[in-house]
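As structure tokens, the structure follows; a few thoughts come after it.
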Amino acid sequence: MLSGKVALVTGGSRGIGAAIARKFASMGANVAVIYAGNQQAAEDVCGQCREYGVEAKAYRCNVADFGEVKDTVAAVKADFGTVHILVNNAGITRDGLIPMMKEEAFDAVLDTNLKGAFNMIRHCAGLFLRGREGCIINISSVSGLMGNAGQCNYAASKAGLIGLTKSVAKELAPKGIRCNAIAPGFIRTDMTGTQENNPLLAMIPLGTMGEAEDVAQAAAYLATAKYVTGEVLRVDGGIAM
């Protein structure tokens with residue numbers, strides 16, 4: 001299904017990003033795993049991807065740094081030839097109530113979650129345009145649709161991703177490039193923890209947290225859905241409906 005394609009996945013060393021990398025590899029895609037700090041975890045994911053007979057390589061990059069992203073995309077191009085699929089999954093949280101939130105906590109989350117996606121799209125766009133094809137998948141959140149107390153920075157960054165997705169989709173569609181977003185709900189990852197005592201669990205119609213593989217399945221659909229662009233696909237057990 002994705003044989004011969006090259007997928008670049010940010011935040012690919014764990015959680016949702018790792019699940020997406022493995023899913024794409026199982027579909028035949030070569031994978032560039034972008035990580036921020038844990039090289040061993042990224043190498044482990046690459047090893048899991050190679051079990052499917054594809055190429056995989058890890059690259060350390062701070063996605064919030066415009067120049068660093070440019071260099072990383074150039075390195076991926078040198079190693080793989082191009083990029084066909086970009087998954088902007090890298091994200092951080094710096095939760096806190098707004099009366100006490102420090103400016104640097106707000107800036108750090110926007111810089112990684114939103115500007116990081118822009119940086120990647122900006123530097124991959126040339127590859128997509130030259131190939132007259134491309135698929136961009138931005139990992140947003142139901143927090144960007146609903147808001148969430150104590151997460152004004154995170155919710156703002158994820159809502160911004162939805163606006164970015166729709167604008168990029170409209171701009172690049174005439175060139176054969178698609179851009180969609182996924183809005184996960186409560187997904188069981190290292191970053192979220194189990195959240196078993198979170199009162200919001202009672203608001204999920206399906207009654208349980210999701211798994212990273214659920215988001216990966218949605219990403220696989222968007223990677224192959226040739227007539228879908230500008231969409232926000234919720235993977236949330238129904239909490240935001």
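Taken together, the values in this text are just the output of simple stated rules run on the coordinates, not laboratory data. The shown structure was predicted, so the numbers you read here are calculated from the model rather than taken from an experiment. Using ideal geometry, Cβ is built from the backbone for each residue, glycine included, and neighbour counts are taken over all protein chains shown.
For a test of the definition: using alpha carbon positions, the gyration tensor, and the 1.5 limit on a/c, classify region 157-241 as rounded, prolate or oblate.
prolate
If packing is taken as the mean number of other Cβ atoms within 10 Å per residue, what is the order of 131-144, 224-237, highest first?
131-144, 224-237
How big is region 103-180 by the Kirkwood estimate over distinct Cα pairs, in Å?
Result for region 103-180, one decimal place: 13.0 Å.
Taking the Cα atoms only, what angle lies between the long axis of helix 116-131 and the longest principal axis of the chain, rounded to 10 degrees?
30 degrees
What does the C-alpha gyration tensor say about the overall shape of region 72-207? Classify as rounded when a/c is under 1.5, otherwise prolate if a/b is larger than b/c, or oblate.
Taking the square roots of the gyration eigenvalues as a ≥ b ≥ c, region 72-207 is prolate.
Relative to the longest principal axis of the chain, what angle (0 to 90°, nearest 10) does the C-alpha long axis of helix 15-26 take?
On a 0 to 90 degree scale, this one is about 30.
Any chance you could tell me what percent of the C-alpha pair distances in region 19-113 go past 16 Å?
For region 19-113, the share of Cα pairs beyond 16 Å comes to 61 percent.
Tell me, what does the Kirkwood hydrodynamic radius of the chain come to in angstroms if you use every pair of distinct C-alpha atoms?
When all Cα pairs of the chain are included, the Kirkwood radius is 17.7 Å.
Relative contact order of the chain, please, whole-number percent, based on alpha carbon pairs below 8 angstrom and at least 6 residues apart.
Result for the chain is 18 percent.
Give the peptides 172-182, 4-14, 71-81 in descending order of average Cβ contacts within 10 Å, highest first.
For the peptides 172-182, 4-14, 71-81, the packing ranking is 4-14, 172-182, 71-81.
In region 6-235, what % of DSSP beta bridges are antiparallel (nearest 5)?
If we restrict to bridges inside region 6-235, about 5 percent are antiparallel.
If you fit an axis through the alpha-carbon atoms of helix 212-224 and take the longest principal axis of the Cα set of the chain, what angle between them do you get, 0 to 90°, nearest 10?
Taking Cα atoms only, the helix is inclined about 50 degrees.
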